[in-house]
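The values are calculated or read from the model by the stated rules, or taken from the named source; none is laboratory data. Note that the structure is a prediction, hence the values are computed from the model and not measured. All Cβ positions, even for glycine, are placed from backbone atoms using ideal geometry, and neighbour counts span all protein chains on display.
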Amino acid sequence: MKISYKWLRDYIDIDLDAKTLEEELTFSGIEVEAVEELGAILNQILVAEVKERQQHPNSDHLWICQVDNGNEVIQVICGADNCEAGKKVALAPVGTQMGEFVINKAKLRGEHSFGMLCSERELGISDNHDGIINLAGDCVNGEKLSRYYDLSDIVFEVEITPNRPDLLGITGIARDLSSLLHREFRLPNPELPAGTKPIRAELQLDNQAIDLCPRYTARMIKGVTIAESPDWLKRRITAIGLRPINNVVDVTNFVMFELGHPLHAFDYHLVEDHQIIIRRAGLGEKFVALNDEEYILADTDLVIADSKKAIALAGVIGAANSQIQSSTQDIIIEAANFKYSAVRRTSKRLAIFTDSAYRFERDLSDMQAELAGRRCCELILATAGGELLEGLLDSYPEPEEPVIVTIRPSRIKKVLSINISQETITNYLESLGLKQLSNGEDSLQFEVPHYRKDLSREIDLIEEIIRLYGYNNVETYFKPQKVMNYEIFRNKRNLTDSLVKLGFYEVVNWSFAGVEDLDKLRIVERDRRREVVSLKNPLGSSFAIMRPLLLPDILRNTAYNLNHNQKDFRFFELNKVFLQGAGKQAEEKYHLSGLITGLRDAIHWREEAVKTDFYDVKGVVEELLSLTGLSGIEEKYSKETWYQPGVGLDFYNQGKLVASAGKLDPKVASSFEIEVPCFVFDLYLDTIYNEKRKIVPDFREIVKFPPVLRDLSFLIDQRFDLAEIAADIRQSNPELISKIILFDEYKGKNVPSGKRSLTFSLTFSSINKTLNDKLISKEMDRIVRSLEKKYEIKMR
Amino acid sequence: MKEELRKQIEAARTAINAAERQHDLMQLKSQFLGKKSDLNGFMMRLKELPASERPAFGKIVNEAKQQLEELINSRLLKVKESEYAAVLQAEHLDLTMPGKRNIRGALHPITQTWREIEDLFIRLGFQVADGPDIEDEYHNFDALNTPADHPARDLSDTFYIEGDVLLRTHTSPVQIRTMEKFAPPIKIICPGRTYRNDNDATHSPCFHQVEALVVDEGINIADLRDMLNYFARELFGPEIAVRIRPHFFPFTEPSAEMDMVCPKCMGSGCSLCKDTGWLELGGAGIVDPNVFEYVGIDSEKYTGYAFGLGIDRIAMLRFGITDMRLLFNNDLRFLRQFK
């Protein structure tokens, strides 16, 4: 629903800025979905005067006007014919933002124009677009138009939850704000003139469906003049997005949005026999609505009828046969309440969704109907004239009983954890229109006003109290503490789960080791890993220290299993290693180490059995590092002493060693009684988890344009590493080259010794265009030339 | 020109009917019906004819195009059908030959059990706390209300590094460190590796423990019993009951030892439970107020419970492992059983 700020101020004195009001509304439960500023344009528009004008030499419908803007006389080209000299006009100067576009200096068919003269529609004053606006003669040149036309308003689009039909009128919002902001609220409560002759003599009312229509009131006004609504009325309803129709219809709409209660007006002379009958529709009864559609009714639909025909589909839409016309003189004003379920059923079945049905199906108040009718009469008399008939017809056989609710402060404390005094409770609830009936030790009794049908239980009142108290003003006391880093916890599980899927068995070894383990790994004396933690009372010399590496144990497990006829297996262990720390606190760090030996895969009839090699263990490390979220890994040949020289690789991230992998040196292997090739790796988990990592991937738009693939094959000297070559290729155009795959390496026949042949598959793709052959060929040439220059490659 | 057209159509029909592959048909389609096809050429040459003959001839050409198109489409269906039949013919497989599976390893049974335990607590809002293996006497003994002359501090029970530095004999120091750092409410478990100077068939010098600690207002022995029952039932099944008996630990008061119904015989007595129907699970109790004093928690305002048990032992019970040494042998013939 839309709320006009100016309109709102008719019922409550507030001067909050739009932002503050938006927050107040939202945090009281009336969520503001959009805020729109009206009439701001008039602050940019100036009053100006046409000094002289002449026909445009190159156009028969344009005029060249010399316009006094209060400061100087400027030239403006105008397309409207009513821009005669001497007229006061509205000038949009150069730079004015008119909706989507900006007024610029322009040249129209060869003549300069420094601004635009505006129509009423362009200014948002009315729908009139026949020529430009003519201002009153006493408007002062150069003044802002907003001084003469105050259209400024702020419109809030709010979401009203289904439990609060009382907020479907602007007064309902004002009432809620008044209790929130402690401001006085003024509800219209008009007194009508006594009236001429009694309505009973002119109109009969027969309510035959009390269950679906708990209340029906009708009032009559004779001798109205149907005309355009006065400006104030048009402005109110246009601000909230309605179109003015005529004074009577506009008033019924106005009151619906003011009080939240829909009304309907009938032309008295189109109501047959001057009878209003409220009845269920006949099965198959035909009904032509105001929208000129014909509907077939069911016997569950409620209609307002005269002696011959239905004149309205109760609470949903009026009939075409009795609507207000320009010739209408005498009118009946219906203000009623209909059973919400019946209105909803009819509206849904016939797919007629009106502002009226929207309100009735949310269960309105019987009492409000009478007020709405009274208010409507007051405004029709004021805008359309006529004479009110005396009294009203009112079918209200079972008046609503007031609802009484008891609330216990102790319960408030339990649900809301706030301590508030009985006095505050009373203030809160009375400001919402509840009436206190009594108060006891731990119980206060309130009568709920008719328009708050959502309040029937203690818990409903408790909700009102917290709404006014402010949800976010509740003091919290349990602050969850981050004892564990769940992300790391989960990542460790991810790593080990992945290793299991890669065929690894986990081993678990004691934390003890012997110094001889370090010797076997050829770790030098000055290596940090020699600063071991020694036990005072060890089980024996092989258990004398806390292990500084996981590898020796994994090697022992390997030797043991090789001795027991196992040949093809993979092991890993995730555990702490220990070193002397600063002071008495030892350094304890998590490592993840592993080993691969034997065949790469289980034996399968379809495939040739292949032995594992370095690239298998490297692949494992690459997979694990990518799982940790590290990116930008740098590789360097390793100096770890247990790798076969030249077949060990270190992995760095931001200059920090995070992993290594390689082939176990055969001599080292022998010292652990292993005589087969083994490939081992080691991840420095604590170092990794201290690095900056990408934990949640960044989504990138899927590239719509098809990629282009090209192969690149050349001979190159063996001393150059792939990493460098690939980086150079990518560097030639990082934006276009999305993937570089090494396709093949070949050494041997037809390749000179000391050289190798490399074949790459390059993928080019662009996020914003289709790549053509010419462009790709150019890119390929560039890559080849730069490689030739740096590596002296020979294309194949 | 009509004769030319007739010949052209005849040639097309012959070629289409002879085509055996989808690809060939597509080529014929563009050859005969495409923009640059001969048939289209006839349309271009319409103006060579007298005006009166043009509409009739144009119609003939169009009809011919339509017929050829239909012919191609029906031929295409036939070709697809025969290609499909060829595939069926060619792929005669012995489906009983083994499928291609990726190799897969397994987590160690201790880790599998460890994770089960972590998860059952995490489900109830516990956090997992970690702490050093190499501890000091303060956190391992003093703050746990274990006096200086307590026998547990002997070299025969505890591994020492140097001075007061030692290998933790239980994960309780993690409780102390957590309470030093965080204010109640605290709800943690601390699984971890612990060490005792013991090495025989039923004792490993390195073993694994998990302890739970809950500190808040109003925590009592009923909460402890609820949690023990939940713990045992999540791990061993809904029929398992837990009982606690009075015992002594320096850091809890009242202290208890807990037993659970033997999951093997369900209480009727067997070799595993030595005919008692019960198995000892671990220790439990209400946190001793002295411990709270050490870590600066108001023991009047807060109470707490703690319990601890051996992960290795739970793993053995869960999987029916009889020899503890198997857990640390890392024999593949053992490990492969836990896939």
Inset, instruction - Return yes when A:G470 is out of contact with any Ser or Thr (no Cβ under 8 Å at 6 or more places or on another chain), over 30 Å from B:L166 (Cβ atoms) and at pLDDT below 95 and no when it is not. - result: yes
Inset, instruction - Could you tell me which residue of the stretch A:696-717 is nearest to the chain's Cα centre (by Cα), considering only residues that are farther than 14 Å from A:S765 by Cα and surrounded by 11 or more Cβ atoms within 10 Å (Cβ to Cβ)? - result: A:D711
Inset, instruction - Output yes when any residue across the stretch A:262-278 is in contact with a Ser or Thr (Cβ under 7 Å, 6 or more places away or on another chain), of a type in the set (V, I, T), in a loop (DSSP other than H, G, I, E, B) and buried (at least 20 other Cβ atoms within 10 Å of the Cβ), and no when none is. - result: yes
Inset, instruction - State whether the residues of the stretch B:301-313 include one that is under 30 Å from A:E506 (Cα atoms) and polar (S, T, N, Q). - result: no
Inset, instruction - Check A:T20 against each of (1) part of a strand (DSSP E or B); (2) at pLDDT 90 or above; (3) surrounded by fewer than 15 Cβ atoms within 10 Å (Cβ to Cβ) and name the one condition it does not meet. - result: (1)
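Rundown of residues vs (1) touching a Lys or Arg at 6+ places or on another chain (Cβ under 6 Å); (2) surrounded by 15 or more Cβ atoms within 10 Å (Cβ to Cβ), yes/no style:
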position	(1), (2)
A:Q644	yes, yes
A:K656	no, no
A:S660	no, yes
A:L664	no, yes
Inset, instruction - Please report, ordered by residue number, the helices (runs of 4 or more DSSP H) entirely within the stretch B:1-64 with at least 3 residues that are under 30 Å from B:S82 (Cα atoms) and in contact with an Asp or Glu (Cβ under 8 Å, 6 or more places away or on another chain). - result: B:22-33
Inset, instruction - Restrict the check to the stretch B:76-86 and report whether at least one residue is in a loop (DSSP other than H, G, I, E, B) and more than 9 Å from every other protein chain (Cβ to nearest Cβ). - result: no
Inset, instruction - Give the residues of the stretch A:92-138 that are closer than 30 Å to A:E228 by Cβ and part of a strand (DSSP E or B), sorted by residue number. - result: A:A92, A:M98, A:M116, A:L117
Legend entry - Complete set of residues in the stretch A:513-542 that are under 30 Å from B:T113 (Cα atoms) and at the interface with chain B (Cβ under 7 Å from one of its Cβ atoms): A:V533, A:L535, A:L539
Legend entry - Flag for B:R153 being free of Cβ contacts under 8 Å to residues at least 24 places away in the same chain, farther than 30 Å from A:K501 by Cβ and more than 9 Å from chain A (Cβ to nearest Cβ): yes
Legend entry - Restricting the stretch A:545-590 to residues that are of a type in the set (G, A, S) and in contact (Cβ under 8 Å) with a residue 24 or more places away in the chain, the residue that is farthest from the other protein chains (Cβ to nearest Cβ): A:A559
Inset, instruction - Output yes when any residue across the stretch A:52-59 is assigned to a strand (DSSP E or B), of a type in the set (K, R) and surrounded by 15 or more Cβ atoms within 10 Å (Cβ to Cβ), and no when none is. - result: yes
Legend entry - A:S498 being within 12 Å of chain B (Cβ to nearest Cβ), touching a Phe, Trp or Tyr at 6+ places or on another chain (Cβ under 8 Å) and small (G, A, S): no
Inset, instruction - Looking only at the stretch A:610-623, decide whether some residue is facing chain B (nearest Cβ under 10 Å), not in a strand (DSSP E or B) and not β-branched (V, I, T). - result: no
Inset, instruction - Scan the stretch A:679-701 and give yes if some residue there is among the hydroxyl-bearing types (S, T, Y) and either modelled with pLDDT under 95 or touching a helix residue (DSSP H, G or I) at 6+ places or on another chain (Cβ under 6 Å) (or both), otherwise no. - result: yes
Inset, instruction - Considering each residue of the stretch A:721-756, count those that are in a strand (DSSP E or B) and within 30 Å of A:I767 (Cβ to Cβ), and give that number. - result: 8
Inset, instruction - Give B:L144, B:L107, B:L120, B:L95 a once-over and let me know the one that is more than 11 Å from chain A (Cβ to nearest Cβ), crowded, with 20+ Cβ neighbours inside 10 Å and either at negative phi or of a type in the set (S, T, Y) (or both). - result: B:L144
Legend entry - Checking B:N102 against (1) surrounded by 19 or more Cβ atoms within 10 Å (Cβ to Cβ); (2) modelled with pLDDT under 95; (3) under 24 Å from A:N494 (Cα atoms), the condition it does not meet: (1)
Inset, instruction - Assess whether A:L42 counts as being modelled with pLDDT under 90, hydrophobic (A, V, I, L, M, F, W, C), more than 22 Å from the chain's Cα centre (by Cα) and within 19 Å of A:P93 (Cα to Cα). - result: yes
Inset, instruction - Read through the list (1) free of Cβ contacts under 8 Å to residues at least 40 places away in the same chain; (2) under 42 Å from the mean Cα position of the chain (by Cα); (3) surrounded by 15 or more Cβ atoms within 10 Å (Cβ to Cβ), then give the number of the only condition that A:I296 fails. - result: (3)
Inset, instruction - Working carefully through the options B:K100, B:K47, find the one that is basic (K, R) and either touching a Pro at 6+ places or on another chain (Cβ under 8 Å) or more than 14 Å from every other protein chain (Cβ to nearest Cβ) (or both). - result: B:K47
